[in-house]
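Here the structure comes first, spelled out in structure tokens, and everything after it is commentary.
The values are calculated or read from the model by the stated rules, or taken from the named source; none is laboratory data. A quick note: this is a predicted structure, and the numbers were derived from the prediction, not measured. All Cβ positions, even for glycine, are placed from backbone atoms using ideal geometry, and neighbour counts span all protein chains on display. Calculation scope for accessible area: heavy atoms of the full protein, side chains included, ligands and nucleic acids excluded. Shrake-Rupley method; radii C 1.70, N 1.55, O 1.52, S 1.80 Å.
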Amino acid sequence: MNSYDVAVIGSGPGGYVAAIRCAQLGLKTAIIEKYATLGGTCLNVGCIPSKALLDSSHHYDDAIKHFEEHGIEIPGEVKINLEKMIARKQSVVDQTTGGIDFLMKKNNIDVYQGLGVFKDATHITINGEETQEIEAKNTIIATGSKPGNLPFIDIDKERIITSTEALKLKEVPKHLIVIGGGVIGLELGQVYKRLGAEVSVIEYMDRIVPTMDKGVSKELNKVLKKQKFKINASHKVTSVTRNGDEVVVTATNKKGEEVQFKGDYCLVSVGRRPYTDGLNAEAAGVKINDRGQIEVNAHLQTSASNIYAIGDVVKGAMLAHKAEEEGVFAAETIAGQKPHIDYNLIPGVVYTWPEVAAVGKTEEQLKEAGIAYKAGQFPMRALGRSRASMDIDGFVKILADKTTDEILGVHMVGARAADMIAEAVVAMEYRASAEDVSRMSHAHPTYTEAIKEAALAATEDRALHI
Ligand code: FAD
Ligand code: NAD
């Protein structure tokens with residue numbers, strides 16, 4: 001029987017990064033993955049394929065809507081070849097997952113393909129083509145998550161679908177009904193909106209992306225409406241039925257009236273659930289809470305002291321970069337180090353266009369905590385860079401402590417916000433004040449000038465260009 005210092009179960013961004021860090025620290029490491037390709041949700045059916053389709057559909061949208069105003073004329077009709085678009089997405093996925101195989105080899109990590117099942121706290125059975133057993137002094141559980149559902153919806157994976165199927169449709173829906181106006185619903189909704197579908201979003205809460213800053217939700221809502229999304233907030237879905245090619249979604253609106261939405265596809269994107277099926281965690285003494293999450297302490301240690309858990313399967317944001325940080329944290333803890341993660345500074349991004357990005361506290365959270373703050377906001381339309389590219393929607397908002405001027409939260413909607421948010425993370429990691437940021441030179445013309453301007457607005461209400 002092969003014996004390891006660390007076995008990692010699951011090869012998503014949490015698991016494979018944990019394995020690499022373990023190997024870097026000189027620990028003999030194995031990784032177990034039930035699927036034939038490494039990379040987990042993120043690389044196979046999550047972050048990477050969704051961004052590939054967002055990029056392709058963005059090109060198409062530009063070609064049909066914006067090329068002309070830039071003085072670019074295309075003789076003849078611009079057409080979509082969906083099969084080719086999906087195939088390109090798949091080749092991006094294949095290259096990326098292939099890269100993980102390379103990284104495992106490079107770091108001398110043994111890869112086992114099959115379902116990892118705990119026999120006890122130090123032995124794992126791997127049910128693959130053959131059944132194997134390994135011994136591990138320590139284990140990191142990184143088994144991730146699966147799409148969530150509402151109890152009364154029968155997801156048939158043909159017309160009533162999850163994100164996994166939405167990444168490989170064979171036709172552009174005529175009318176895509178999206179249940180859940182969160183990250184997946186809006187990103188994949190935008191892919192098909194750009195490709196020509198009518199898109200209706202049905203959201204239970206009173207606004208889309210309800211966990212983000214209210215100002216951000218409002219701005220995104222405005223922009224998506226301009227893009228002809230039909231957004232129905234405060235709607236409680238009560239049933240989803242399929243009759244042949246038609247899907248009927250029934251919901252109750254704010255006034256208590258029953259409303260029906262008829263479409264040809266329905267994407268269910270109401271959140272994801274932690275995944276521990278078949279793991280036999282109890283045999284190792286690992287506790288799972290009533291939300292299906294593996295319980296961990298501040299060291300990401302489970303109720304079995306030699307077993308750690310990270311990523312989507314534990315509490316916290318279901319984000320690839322959060323899973324990665326936790327992978328490194330668990331590996332370094334096992335190696336005897338004392339790592340640290342500041343969960344307040346894990347940024348969140350929605351890859352619609354314009355993009356949405358945020359880090360730190362929202363205005364609502366600051367109000368609730370009774371923290372006195374100042375807000376400085378700067379609109380993207382006032383930037384030369386935005387006018388040059390015609391990406392004028394959105395803003396940057398900086399929230400700073402009223403007394404100390406320390407930045408407490410940064411929220412933005414705008415072109416390349418996903419990349420710009422890194423500046424806010426760095427500033428907040430170093431506990432910068434809004435004035436610190438306002439006094440730093442930002443290259444001109446760039447979208448990042450909006451961060452400097454918002455910092456000026458937050459410090460002394462003295463933005464320069466508005
Ligand atoms: P996962 O990536 O889910 O990996 C878990 C792995 O464990 C899987 O491969 C699974 O097969 C394997 N496994 C499970 N049980 C066993 C077992 N018993 N034995 C062996 N193997 C097992 N996040 C972002 O930060 N940015 C994005 O842009 C983004 N876009 C997304 C788009 C979509 C459509 C979706 C669905 C998700 C997106 N996410 C995004 C979320 C991101 O994918 C997850 O947060 C991330 O993948 C979690 O990583 P993980 O390592 O915890 O688990
Ligand atoms: P989500 O939590 O982002 O959004 C789910 C939405 O569904 C919420 O707005 C919620 O209020 C709504 N909802 C819940 N029950 C409902 C009901 N009965 N009727 C109508 N609406 C309902 O979840 P998601 O979009 O499914 O994404 C799952 C996870 O994947 C998220 O945690 C997210 O962090 C991650 N993800 C991240 C990215 C990214 O970082 N860009 C992209 C995709 C997915």
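Just one of the listed residues (LYS89, LYS79) is within 16 Å of ligand 2 (Cβ to nearest atom) and either part of a helix (DSSP H, G or I) or open to solvent by 40 Å² or more (accessible area, probe 1.4 Å) (or both), namely LYS89. Residue check: is THR143 in a loop (DSSP other than H, G, I, E, B), within 13 Å of ligand 1 (Cβ to nearest atom), at pLDDT 95 or above and not charged (D, E, K, R)? Yes: the conditions hold for THR143. Residue count for the stretch 34-44, restricted to those that are more than 6 Å from ligand 1 (Cβ to nearest atom) and either more than 21 Å from TYR112 (Cα to Cα) or surrounded by fewer than 24 Cβ atoms within 10 Å (Cβ to Cβ) (or both): 3.
The set of residues from the stretch 283-305 being over 25 Å from the mean Cα position of the chain (by Cα) and loosely packed, with under 13 Cβ neighbours inside 10 Å comprises just one member, SER305. Listed by first and then second residue, the pairs with beta-carbon distance under 8 Å, at least 6 apart or on different chains, first residue in the stretch 166-192 and assigned by TED's automatic domain parsing to the domain that holds THR250 and among the aromatic types (Phe, Trp, Tyr), second open to solvent by less than 10 Å² (accessible area, probe 1.4 Å) and modelled with pLDDT of 95 or more, are TYR192/SER57; TYR192/ALA166; TYR192/PRO173; TYR192/LEU176; TYR192/VAL199.
Scanning the stretch 126-173 for residues that are farther than 30 Å from VAL248 by Cα and surrounded by fewer than 18 Cβ atoms within 10 Å (Cβ to Cβ) returns ASN127, GLY128, GLU129, GLU130, THR131, GLN132, GLU133, GLU135, LYS137.
For (1) assigned by TED's automatic domain parsing to the domain that holds LEU27; (2) touching a strand residue (DSSP E or B) at 6+ places or on another chain (Cβ under 7 Å); (3) among the polar types (S, T, N, Q), each residue gets a yes or a no:
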residue: CYS266; (1), (2), (3): no, yes, no
residue: LYS287; (1), (2), (3): yes, no, no
residue: ILE307; (1), (2), (3): yes, yes, no
residue: ILE334; (1), (2), (3): yes, yes, no
residue: GLN337; (1), (2), (3): yes, no, yes
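Screening LEU267 against (1) surrounded by 16 or more Cβ atoms within 10 Å (Cβ to Cβ); (2) part of a helix (DSSP H, G or I) leaves a single unmet condition, (2).
For ALA317, are the conditions met, namely being modelled with pLDDT of 95 or more and away from ligand 2 (no atom under 16 Å from the Cβ)? No: the conditions fail for ALA317.
Need a quick list: helices (runs of 4 or more DSSP H) entirely within the stretch 335-439 having at least 1 residues that are of a type in the set (Lys, Arg) and over 22 Å from the mean Cα position of the chain (by Cα). If you could, list the steps in order and put the result at the bottom.
Working: elements: 363-369, 384-389, 417-429, 434-438.
Passing ranges, in order: 363-369, 384-389.
Against the conditions (1) outside any helix (DSSP H, G or I); (2) open to solvent by 60 Å² or more (accessible area, probe 1.4 Å), ALA30 satisfies every one except (2).
Quick one: which of GLU435, GLU453, GLU363 is closer than 26 Å to HIS321 by Cβ, charged (D, E, K, R) and modelled with pLDDT of 95 or more? Can you show your working first?
Values: GLU435 fails: closer than 26 Å to HIS321 by Cβ; GLU453 fails: closer than 26 Å to HIS321 by Cβ.
The match here is GLU363.
Scan ILE86, ILE9 and give me the residue that is modelled with pLDDT of 95 or more and farther than 22 Å from MET318 by Cα. Break it down into steps so the answer makes sense when it comes.
On the way: ILE9 fails: farther than 22 Å from MET318 by Cα.
The conditions single out ILE86.
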